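The values are calculated or read from the model by the stated rules, or taken from the named source; none is laboratory data. Keep in mind the model is a prediction, meaning the values are calculated, not measured. When the accessible area is computed, the model is the full protein with side chains, heavy atoms only, and any ligands, DNA or RNA have been set aside. Shrake-Rupley method; radii C 1.70, N 1.55, O 1.52, S 1.80 Å.
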Amino acid sequence: MIEVSVADTGPGLAPNVRASLFQPFVTTKSTGMGIGLSICRSIVEAHGGRLWADDNPDGGARFRFTLRRAEV
């Protein structure tokens, strides 16, 4: 497996947002459909990987996903 991590040092994820982050049609914005992370997780899982969010040790949030390593 390989792992990709994207992190920021902003305010992080509020607990109520974290609980529903990957559900379809959930958004923290005033407009938009809020389906991006749900679709991303479905695609990653369809390829045998995993997508999740956690706290960045330096503050903020971190999104990580794994995928199977390709045979060459």
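Accessible surface of the chain, 1.4 Å probe: 56 percent of it comes from carbon and sulfur atoms.
When the helices of the chain are scored as -39500 (n - 2.57) per DSSP H run of n ≥ 4 and the total is divided over every residue, the value at 222 nm lands at -6500 deg cm²/dmol. The smallest convex shape that holds all Cα atoms of the chain, its convex hull, gives 101 Å³ per residue.
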